[in-house]
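Working notes, beginning with the structure itself.
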Amino acid sequence: MKTIGIRTRVVRAGLSPAAQGESLSAGVTFAGTYHVAGEPSSSPYTYGRYHNPTWTHFERALGDLEGGVALSFASGMAAVAAVLGSILRAGDVMVMPSDSYYTARLLAEGFFAEMGIQVRKARTAGSAQAEHLDGAKLLWLETPTNPGLDVCDIVALVEAAHQRHVLVAVDNTTPTMLGQCPLELGADFSVASDTKALTGHADLILGHVAIRDPALAEKLRSWRTQMGAVPGPMEVWLAHRSLATLEMRLERQCRNALVIAEHLSTCSHVSGLRYPGLPDDPAHRVAARQMQFFGPVVSFVLADQTCAERFLRACKLIIEATSFGSVYTTAERRARWGGDTIPEGFIRLSVGCEDDQDLVADLSQALDSAH
């Protein structure tokens, strides 16, 4: 039989082995304690903070798709903290993008800097982090960035980092492992907020880390257990159920995003349009080499805060909300949160699975109303 394609793999990932009369997929296990008599090592499950059968099924599914060992965490930021906390020690140097997710920067420059970690920053565009790797312990990448959608060359940066014995972690939240697979591109860690496109229904908080090195996996597992950054079994079960439709959702979202980006490129009141799938986007050449899907997020700039807020109020289908990756199309004036160097009229648009022409019509009338 030929190699099974990704569409089949994502639908079947983590299914239980066929057994007469058993359900196709495992149900959720709610357990804080398990029956454990005698020597604990004789039991596969002992205590709810250490492991759970629902985690096991989901992590096997993620590991198959990522090409490594996957560990689930209570949130995307719990996954970020696990990588930083399990690797970095006082006196170590971390290199990260100056335009990466704000809360990741806040964690690195706050808690970890106070613990004695030196944080060096450089912009994602042009893979500028390569100039700051000497003496570093960890290189943190995010591509495409949130919210600016800049892209760096993962393969080139991994090669430069590994030549200097620097570990590489990639925040892969926006594209998911179907849009871009960091471990296949040489990274040591693939990190994601599964709250976003991976689960795609705006109804849970979750994250994961995937790695190939068993020693790194054990460090992450120990961190999760000791810090208690464990996911709830119901969230994990919902995430696993959602995973089966990831390819279908992502394909539709990215197709819609390209249609919308192409439409926005013709709108006179729109500036600063970014979408890596557009052939004339500054990131397209690099993105096309390493991405299979360009992601569901489009960003653009309106004249000012007042104009952006009028636009959002005028939308009928597009929901004003934070986060991204849902089947529902959402948008927000991202500068309202602070922390990013972006204009006051910057709009982050997360494209969902609705009819693309309905979305274009809603965008058009809202832009007209805003101006």
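The values are calculated or read from the model by the stated rules, or taken from the named source; none is laboratory data. Just so it is clear, the model here is predicted, and its values are computed rather than measured. So basically every Cβ, Gly included, is an ideal-geometry build from the backbone, and we count neighbours across all protein chains shown.
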Give the residues of segment 14-40 that are surrounded by 10 or more Cβ atoms within 10 Å (Cβ to Cβ), more than 18 Å from residue 58 (Cβ to Cβ) and of a type in the set (Val, Ile, Thr), sorted by residue number. 36
Evaluate segment 312-327: report whether one residue or more is more than 26 Å from the chain's Cα centre (by Cα) and under 17 Å from residue 264 (Cα atoms). yes
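Quick check on residue 267: is it at pLDDT 95 or above, in a loop (DSSP other than H, G, I, E, B) and either over 26 Å from residue 158 (Cβ atoms) or in contact with a helix residue (DSSP H, G or I) (Cβ under 9 Å, 6 or more places away or on another chain) (or both)?
yes
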Residue 323 versus (1) farther than 18 Å from residue 180 by Cα; (2) outside any loop (DSSP other than H, G, I, E, B); (3) small (Gly, Ala, Ser): which is the lone unmet condition? (2)
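Okay, residues lined up against (1) surrounded by fewer than 24 Cβ atoms within 10 Å (Cβ to Cβ); (2) farther than 24 Å from residue 285 by Cα; (3) aromatic (Phe, Trp, Tyr); (4) not assigned by TED's automatic domain parsing to the domain that holds residue 90:
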site	(1), (2), (3), (4)
122	yes, no, no, no
126	yes, no, no, no
137	yes, yes, no, no
143	no, no, no, no
159	yes, no, no, no
166	yes, yes, no, no
175	no, no, no, no
192	no, no, no, no
210	no, yes, no, no
May I ask you to say which residue of 354, 344, 309 is touching a helix residue (DSSP H, G or I) at 6+ places or on another chain (Cβ under 7 Å) and either of a type in the set (S, T, N, Q) or more than 18 Å from residue 144 (Cα to Cα) (or both)? 344
If you check residue 47 against the conditions, is it aromatic (Phe, Trp, Tyr) and under 19 Å from the mean Cα position of the chain (by Cα)? no
With the first residue restricted to segment 348-371 and required to be in the same structural domain as residue 293 (by TED's automatic domain parsing), and the second required to be assigned to a loop (DSSP other than H, G, I, E, B) and charged (D, E, K, R), Cβ contacts under 6 Å at 6 or more apart or on different chains are 362/316
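Looking at the structure I just gave you, is residue 343 in contact with a strand residue (DSSP E or B) (Cβ under 6 Å, 6 or more places away or on another chain), more than 22 Å from residue 193 (Cα to Cα) and assigned to a loop (DSSP other than H, G, I, E, B)? Step through it out loud before you land on a result.
Details: in contact with a strand residue (DSSP E or B) (Cβ under 6 Å, 6 or more places away or on another chain): yes; more than 22 Å from residue 193 (Cα to Cα): yes; assigned to a loop (DSSP other than H, G, I, E, B): yes.
Yes: the conditions hold for residue 343.
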With segment 111-229 as the region, which strands (runs of 3 or more DSSP E) entirely inside it contain at least 3 residues that are touching a helix residue (DSSP H, G or I) at 6+ places or on another chain (Cβ under 9 Å) and aliphatic (A, V, I, L, M)? 138-142, 167-171, 207-211
Have a look at 80, 11 and point out the one that is at pLDDT 90 or above, surrounded by fewer than 17 Cβ atoms within 10 Å (Cβ to Cβ) and not in a loop (DSSP other than H, G, I, E, B). 11
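Residues in segment 101-108: is at least one in contact with a His (Cβ under 9 Å, 6 or more places away or on another chain) and more than 21 Å from residue 180 (Cα to Cα)?
Keep residues of segment 101-108 that are in contact with a His (Cβ under 9 Å, 6 or more places away or on another chain), which gives none.
For segment 101-108, residues in contact with a His (Cβ under 9 Å, 6 or more places away or on another chain) and more than 21 Å from residue 180 (Cα to Cα): absent.
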Please state which of the following conditions residue 237 fails to meet, knowing it meets all the rest: (1) of a type in the set (Phe, Trp, Tyr); (2) assigned by TED's automatic domain parsing to the domain that holds residue 348; (3) more than 19 Å from residue 180 (Cα to Cα). (2)
If a residue must be within 18 Å of residue 226 (Cα to Cα) and in contact with a helix residue (DSSP H, G or I) (Cβ under 9 Å, 6 or more places away or on another chain), how many such residues does segment 80-110 contain? 9
